[in-house]
1. Would a scan of the range 2-14 turn up a residue that is surrounded by fewer than 18 Cβ atoms within 10 Å (Cβ to Cβ), assigned to a loop (DSSP other than H, G, I, E, B), over 16 Å from the mean Cα position of the chain (by Cα) and not aliphatic (A, V, I, L, M)?
2. Kindly list, by first and then second residue, each pair from a residue in the range 139-161 that is more than 19 Å from ALA128 (Cα to Cα) and open to solvent by less than 10 Å² (accessible area, probe 1.4 Å) to a residue that is part of a loop (DSSP other than H, G, I, E, B) and of a type in the set (Ser, Thr, Tyr), limited to pairs with Cβ atoms under 8 Å and residues at least 6 apart or on different chains.
3. Return the pair list, or none, for Cβ contacts closer than 9 Å from residues in the range 7-36 that are within 19 Å of LEU50 (Cα to Cα) to residues that are hydroxyl-bearing (Ser, Thr, Tyr), at least 6 apart or on different chains.
4. For the range 180-215, which positions are open to solvent by 80 Å² or more (accessible area, probe 1.4 Å) and in a strand (DSSP E or B)?
5. Quick one: count up the residues across the range 194-211 that are of a type in the set (S, T, N, Q), free of Cβ contacts under 8 Å to residues at least 12 places away in the same chain and over 13 Å from PHE176 (Cβ atoms).
Amino acid sequence: MDKRDRIVQRVARELRDGDYVNLGIGLPTLVANHVPPGVDIILHSENGLLGVGPYPLAGDEDPDLINAGKQTVTELPTTSFFSSADSFAMIRGGHIDIALLGAMQVAENGDLANWMIPGKMVKGMGGAMDLVAGVKKVVVIMEHTAKDEPKLLHKCKLPLTGAGVVDMVITDLGVFTIDRKAAKMTLTELAPGVTVDEVTKKTEASFKIDPKLKH
């Protein structure tokens, strides 16, 4: 199985029936295709959609119907449309249950860097800064390393999206939970065929190992 598919399948297990979910750009958008049977979630988009439908079939795209990542989507019988201001009021008011976001770096205390690399063109900060401050749970979805360099660090080297905001990190190597109050990271699951030694070698951040973890 492709490691990206493995990540999004594991992430989908965090979704609960009735959850209001915001999907970040990139890898998180794939999660919508792996929602478990019997689980009905409501997708929220910062640009003013609630109840986002699946991607359209080729030839059926409507250029006016897009998500926050400018991807064409479809509407459902229950889809609602509203202003971006109302959309962010939902986020800031704590009405979104979970945000699934990509990341460039995550620190062991839950700091998140996912909006810019200095020196590279940035179109804008996007909605992530509001999301990490307003949603009930932040789950980061990413590949464990970039160009063989760790992305789980003692301290983020890139500009922060939010300080102490990440609750869980799911990578192609395993699953980590973060106790934001204690600023501690714990390895709770290993991906199939992955060892603790491999995770340790590819992780700069300090982490504990869950006693229940079989390894």
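1. Yes, the range 2-14 has at least one match.
2. Final answer for the pair search is HIS144/THR171; HIS144/THR203.
3. Qualifying pairs under 9 Å: ASN22/SER45; LEU23/THR29; LEU23/SER45; THR29/TYR55; ALA32/TYR55; ASN33/TYR55.
4. LYS184, LYS208
5. Summing the residues that are of a type in the set (S, T, N, Q), free of Cβ contacts under 8 Å to residues at least 12 places away in the same chain and over 13 Å from PHE176 (Cβ atoms) in the range 194-211 gives 0.
Every residue, every condition in (1) open to solvent by less than 60 Å² (accessible area, probe 1.4 Å); (2) closer than 15 Å to SER87 by Cβ; (3) assigned to a loop (DSSP other than H, G, I, E, B), yes or no:
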{"residue": "ASN33", "(1), (2), (3)": "no, no, no"}
{"residue": "GLY38", "(1), (2), (3)": "no, no, yes"}
{"residue": "PRO56", "(1), (2), (3)": "yes, no, yes"}
{"residue": "GLU61", "(1), (2), (3)": "no, no, yes"}
{"residue": "ASP64", "(1), (2), (3)": "no, no, yes"}
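Quick grid of which residues meet (1) under 16 Å from the mean Cα position of the chain (by Cα); (2) among the aliphatic types (A, V, I, L, M); (3) open to solvent by 40 Å² or more (accessible area, probe 1.4 Å):
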position: GLY94; (1), (2), (3): no, no, no
position: GLY102; (1), (2), (3): yes, no, no
position: MET121; (1), (2), (3): no, yes, yes
position: ALA128; (1), (2), (3): yes, yes, no
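The values are calculated or read from the model by the stated rules, or taken from the named source; none is laboratory data. Computed from a predicted structure; not experimentally measured. No Cβ is skipped: glycine too gets one built from the backbone with ideal geometry, and neighbour counts run over all protein chains shown. Side chains included, ligands, DNA and RNA excluded: accessible areas come from the protein's heavy atoms. Shrake-Rupley method; radii C 1.70, N 1.55, O 1.52, S 1.80 Å.
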